[in-house]
Amino acid sequence: MRPTVLLACTLALTAAAAPSPALACSLLGPNPFTVTVDPAVDPVAPTLDGDVSVEVLRGRFLGGDSCSDLGFVDLSFAPAVDEQELPTDDEVRADEWPGLGYQLSLVAGSLPEGLSLGEGPVHARRDGDAAALSLVWVDGADAGQEPVDFTLALTAVDGAGNESEPVEFSVADAGGCSTTGGHPTAALLGVGVGLGLLRRAGHGRTGAPTRVVARKD
């Protein structure tokens, strides 16, 4: 980063760092999806097809916002299709797609420090006609954010544990100066910050996040 750009970022961050009341950042954690049916009842795997839209929102420091140093990766995709909708013991929330879970795995590259993909499938939230998942990590709010570049695979899981063919997609952002960013500007009700998969209802955004659309081969 050139010295003049670094100075501009530093000044902007310093101006935003005026004293403010400390807030406890709270985010709504993922809702695990439970496999409860014998695979013999439903031997057919769900189908997951189409594009995965990726939006990377880097942390930035704005005084008074305790979540401002968090980075987010928002994923949006068409819900998987399953021939047989199996019953579940899960408490499906009103803003979630029922019947199927979704699991992420790392294919290539390295995750940012502190970002976890979770240990099992979770319910996806509704975003209009799309399904959505979010990842979160402590990104930092200074002018020296590291680039992120990794490849993930998204898999749909039904109540019998059958898994769809994975859809691979890339997550990339150049990093650098982060005087603005796109993530919740206020704490959301729910559990305390748990790094990794995150469910979030609507959230305010500012700045210009990185957007990528990855297609299934």
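A compact table of results
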read-out: Residues of the stretch 96-105 classified as surrounded by fewer than 17 Cβ atoms within 10 Å (Cβ to Cβ) and touching a strand residue (DSSP E or B) at 6+ places or on another chain (Cβ under 6 Å), total; value: 1
read-out: Residues within the stretch 130-162 that are modelled with pLDDT under 95, over 14 Å from Asp69 (Cα atoms) and among the acidic types (Asp, Glu), tallied; value: 1
read-out: Every residue from the stretch 157-178 that is acidic (Asp, Glu) and closer than 19 Å to Val138 by Cβ; value: Asp173
read-out: Pair list, Cβ under 6 Å, 6 or more apart: the stretch 156-175 residue closer than 18 Å to Ser134 by Cβ, other residue assigned to a loop (DSSP other than H, G, I, E, B); value: Ala156/Pro46; Ala156/Leu48; Ala156/Ala80; Ala156/Leu100; Ala156/Ser164; Val167/Leu48; Val167/Lys216
read-out: Cross-chain or 6+ apart pairs with Cβ under 9 Å, the stretch 93-106 first and over 11 Å from Val122 (Cβ atoms), then of a type in the set (Val, Ile, Thr); value: Pro98/Thr88; Pro98/Val92; Gly99/Thr88; Gly99/Val92; Ser105/Thr155; Leu106/Thr151
read-out: Given (1) within 22 Å of the chain's Cα centre (by Cα); (2) modelled with pLDDT of 70 or more; (3) surrounded by fewer than 14 Cβ atoms within 10 Å (Cβ to Cβ), index of the condition Glu83 fails; value: (1)
read-out: Selection count, the stretch 91-144, where residues are within 17 Å of Pro46 (Cα to Cα) and part of a loop (DSSP other than H, G, I, E, B); value: 8
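The values are calculated or read from the model by the stated rules, or taken from the named source; none is laboratory data. Because the structure is predicted, anything quoted here is derived from the model rather than measured. A quick note on method: Cβ atoms are made from the backbone with ideal geometry, for glycine too, and the neighbour counts reach across all protein chains shown.
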